[in-house]
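Chemist: Below: one structure in structure tokens.
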Amino acid sequence: MNESRSPVREAAVSRAPRVLIVEDEQALALLLSYNLEAEGYLVDRADRGDEAELRLVENPPDLVILDWMLPGVSGLEICRRLRAREETRTLPVIMLTARGEEAERVRGLSVGADDYVVKPFSVPELMARVRSLLRRASPERVSGKLVAGEIELNRETRRVRRASRDIHLGPTEFRLLEYLMEKPGRVFSRAQLLDAVWGLSSEIDERTVDVHVGRLRKALVRGRERDPIRTVRGAGYSFDETFGKA
Ligand code: CA
């Protein structure tokens, strides 16, 4: 086992929502990025429209703050394309613009922006809109608890319980369970889990995943209790979506 190779991996990933800022005004982009990071979001930035499109395809965020006037491709056009693609059809988009005319606002909303903010705007106001859109789009991301049958994972207290007993998990097992519970039924390959849970996929052997799944199971399942984690041969692992429902 080569687990000792990456001591940083335990802390590598947080489940904070990811926000992409697409804005060519550097000062504004920095201000937004600073404020979003202070609220615990993971922030990515692009200062050109074409660059933003690449990011959106390669690594779709949980929300986009999109300036209207951009070099490369306009924000309006990016928004239209996002709505045309299946994977990004419901991705929350907040459009920023210097133009405050009603006609422009209508145009922005008509290509599918979820919200529309006119510059100059108040940063706390924008932060409130970000929070509210994320809450609407992915409640599981902002909810403090994940529950499946008798298993409850609390993100705020970092505690896991099964029925009435406390389950003691190491940070990697906690993270692994959290990730699997967020999408019950979905099968993740070992490479996907490494990427999501360890964040350093190229450095760690895929068998490490098996080791940690094994530890997680050992902690979760006692005696004849049902195992909530499915091993899908040749594919990977998933949290059994029928757990607690059958
Ligand atoms: Ca601009």
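Chemist: Could you run through the range 63-87 and say how many residues are surrounded by 20 or more Cβ atoms within 10 Å (Cβ to Cβ) and either more than 16 Å from the ligand (Cβ to nearest atom) or more than 21 Å from S33 (Cα to Cα) (or both)?
Modeler: 3
Chemist: Is it the case that R222 is over 15 Å from L146 (Cα atoms) and either more than 25 Å from the chain's Cα centre (by Cα) or among the hydroxyl-bearing types (S, T, Y) (or both)?
Modeler: Values: over 15 Å from L146 (Cα atoms): yes; either more than 25 Å from the chain's Cα centre (by Cα) or among the hydroxyl-bearing types (S, T, Y) (or both): yes.
Yes.
Chemist: Is it true that A29 is within 16 Å of the ligand (Cβ to nearest atom), closer than 15 Å to T88 by Cβ and open to solvent by less than 80 Å² (accessible area, probe 1.4 Å)?
Modeler: Judged against the criteria, A29 is not a match.
Chemist: Further question: Between a residue in the range 174-186 that is touching a residue at least 12 places away in the same chain (Cβ under 8 Å) and any residue that is among the acidic types (D, E), which pairs come within a Cβ distance under 8 Å, given they are 6 or more apart or on different chains?
Modeler: E182/E140; P184/D240; P184/E241; G185/D240; G185/E241
Here is a yes/no grid of residues against (1) of a type in the set (F, W, Y); (2) outside the structural domain of G40 (by TED's automatic domain parsing); (3) part of a strand (DSSP E or B); (4) under 23 Å from P17 (Cα atoms):
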{"site": "E152", "(1), (2), (3), (4)": "no, yes, yes, yes"}
{"site": "T157", "(1), (2), (3), (4)": "no, yes, no, yes"}
{"site": "A196", "(1), (2), (3), (4)": "no, yes, no, yes"}
{"site": "A219", "(1), (2), (3), (4)": "no, yes, no, no"}
{"site": "R222", "(1), (2), (3), (4)": "no, yes, no, no"}
{"site": "R230", "(1), (2), (3), (4)": "no, yes, yes, no"}
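Chemist: Still on this structure: For the range 49-62, give me the residue count where each residue is away from the ligand (no atom under 11 Å from the Cβ) and in a helix (DSSP H, G or I).
Modeler: Matching residues across the range 49-62 total 9.
The values are calculated or read from the model by the stated rules, or taken from the named source; none is laboratory data. Worth saying up front: this structure is predicted, and the values here are computed from it rather than measured. Here the Cβ is made from the backbone with ideal geometry for all residues, glycine too, and neighbour counts use every protein chain on show. The protein model used for the area step is the full one, side chains on, heavy atoms only, and it has no ligands, DNA or RNA in it. Shrake-Rupley method; radii C 1.70, N 1.55, O 1.52, S 1.80 Å.
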